[in-house]
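A short worksheet on the structure shown next.
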Amino acid sequence: MNNIRLGDYNTLRVIKDSDFGLYLDGGDQGDILLPNRYVPRGARPGDELEVFLYLDQDERLTATTERPYVKVGEFGYLEVAWVNQYGAFLRWGLMKDLFCPFSEQKKKMEIGSRHMVHVHIDEESYRIVASAKIDRYLSKEIAPYQHNTAVDLLVWQRTDLGYKVIIDHTYQGLVYPNQVFRAIHIGEHLRGYIDQVRPDGKIDVMLQPSGRQQTLDFAEELTDYLIAHGGHCPYGDKTSPEVIQRIFGVSKKTFKKAIGDLYRRHVVNLDDDGISLIS
């Protein structure tokens, strides 16, 4: 669609208003309607607006200022709103639900069930559609990541080996159980860090950075905790590893290293009943 990206965010200029809403400059695609219900207060011709573009019930290119849970090229964990003889329709944050045909379902989708799907544009119908056949849309290329690279994760499946995750909406990775210090859920978005990219392309992922960076990151988090709790933390060297993991989501080793780092920088005092910020 030339410079217009269907199923994505576009910044378009308002060219005129009407009884139905504002018309935006769609270039070769012509004028695109932003219906009244989505028009920001005070918007007028000449303004530039960031809008999401999709096809309405009549397959017309339409703009909205609503933000869907997932856009074209991304993966999402979506709930089935309704089903008909052609497939399932998923809630994705817009008035028009997202279609997943039966041919793209790994198992029959039922109302209320949730499924990991990939969102893309169907080459034949030019509609935005979903597919639950996730493996088809994950890159088979060797990922260019280095150790400790920060990445965005989407929790995909729980397996005997750990949690399968989708990395940066592109690659498959695995988080081993010894990296998990709190409950995580399918469909949850997490910050993660690359442990290694194996020669066969498989990727091991950590939920905390390794080495010195992990200590620095948690030291900052612990400082925020202290500020939010009146400058005092009732947990310290005598606190059990299980409690530390439950409260902070890190290992006891990382917790102690962060305290030591803050103490050496004269940020905290060590007390009999925990640690306190130095005023």
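Taking the accessible area of the chain, probe 1.4 Å, and keeping the other protein chains in place, the carbon and sulfur fraction comes to 47%.
When the alpha carbon coordinates of the stretch 205-250 are projected onto the principal axes, the ranges are 33, 22, 15 Å, largest first. Under a 10 Å cutoff between Cα atoms, tell me which one of 67, 264, 41 has the largest fluctuation in the Gaussian network model of the chain. Per the Cα network of the chain with a 10 Å cutoff, 41 tops the list.
What the Cα atoms of the stretch 234-279 give is an Rg and a Dmax of 10.3, 30 Å.
Between the stretch 244-279 and the stretch 141-160, the C-alpha centres lie 29 angstrom from each other.
Dividing the C-alpha radius of gyration of the stretch 1-108 by 2.2 N^0.38 Å, with N its residue count, gives 1.17.
Of the three principal axes defined by the Cα atoms of the stretch 188-264, the extents in descending order read 49, 29, 22 Å. Net charge dipole, the chain: roughly 800 debye, given to the nearest 20, about the Cα centre with Cβ charges of +1 for Lys and Arg and -1 for Asp and Glu.
Accessible area per residue (1.4 Å probe, heavy atoms of protein chains only) ranks 52, 89 as 89, 52, with the largest value leading.
Under a 1.4 angstrom probe, counting protein chains only, how are 115, 147 ranked by accessible area, largest first?
Ranked list, largest accessible area first: 147, 115.
Looking at the stretch 101-144, the accessible area is 64 square angstrom per residue; that uses a 1.4 Å probe and ignores ligands, DNA and RNA. Relative intensity of the stretch 11-67 on a log10 scale, I(q)/I(0) at q = 0.29 Å⁻¹, equals -1.38, per a Debye sum over C-alpha point scatterers of equal strength in the absence of solvent. Annotation for the stretch 51-100: GluC sites (Glu not before Pro) lying in DSSP loop with at most 10 further Cβ atoms inside 10 Å of their Cβ are 59. Ignoring lysines fewer than eight residues from residue 202 along the same chain, the ones with Cα atoms less than 20 angstrom from its Cα are 133, 140, 164. Loop-only check: which chymotrypsin sites (Phe, Trp or Tyr not before Pro) in the stretch 91-126 are DSSP coil with at most 16 other Cβ within 10 angstrom? Passing both the DSSP loop test and the Cβ count: 126.
Along the axis of the charge dipole computed for the chain (Cβ charges of +1 for Lys and Arg, -1 for Asp and Glu, origin at the Cα centre), the listed residues 178, 35, 85 are led at the positive end by 178. Based on alpha-carbon centroids, what's the gap between the stretch 192-239 and the stretch 1-72 in Å, whole number please? For the stretch 192-239 versus the stretch 1-72, the Cα centre distance is 41 Å. Partner lysines whose Cα lies under 24 Å from the Cα of residue 252, excluding those fewer than 8 positions away in the same chain, are identified as 238. Computed from phi, the 3J(HN,Hα) profile of the stretch 180-189 under the Karplus parametrisation 6.51, -1.76, 1.60 (θ = phi - 60°) reads 9, 10, 7, 5, 10, 10, 4, x, 7, 8 Hz, with x in place of Gly and Pro.
Between 136, 44, 265, find the one with the highest GNM mean-square fluctuation for the chain; connect C-alpha pairs within less than 10 Å. In this elastic network of the chain, the residue with the biggest mean-square fluctuation among 136, 44, 265 is 265. Here the Gaussian network model covers the chain, with springs between Cα atoms less than 10 Å apart; of 208, 172, 29, 29 fluctuates the most. What translational D, rounded to a whole number of µm²/s, comes out for the chain from Stokes-Einstein when the hydrodynamic radius is the Kirkwood one over Cα pairs, at 37 °C and 0.692 mPa s? Approximately 148 µm²/s, per Stokes-Einstein.
The values are calculated or read from the model by the stated rules, or taken from the named source; none is laboratory data. Since the structure is predicted, the reported quantities are computational estimates derived from the model, not experimental observations. Neighbour counts are summed over all protein chains in view; Cβ atoms, including those assigned to glycine, are modelled from backbone coordinates with ideal geometry. The protein model used for the area step is the full one, side chains on, heavy atoms only, and it has no ligands, DNA or RNA in it. Shrake-Rupley method; radii C 1.70, N 1.55, O 1.52, S 1.80 Å.
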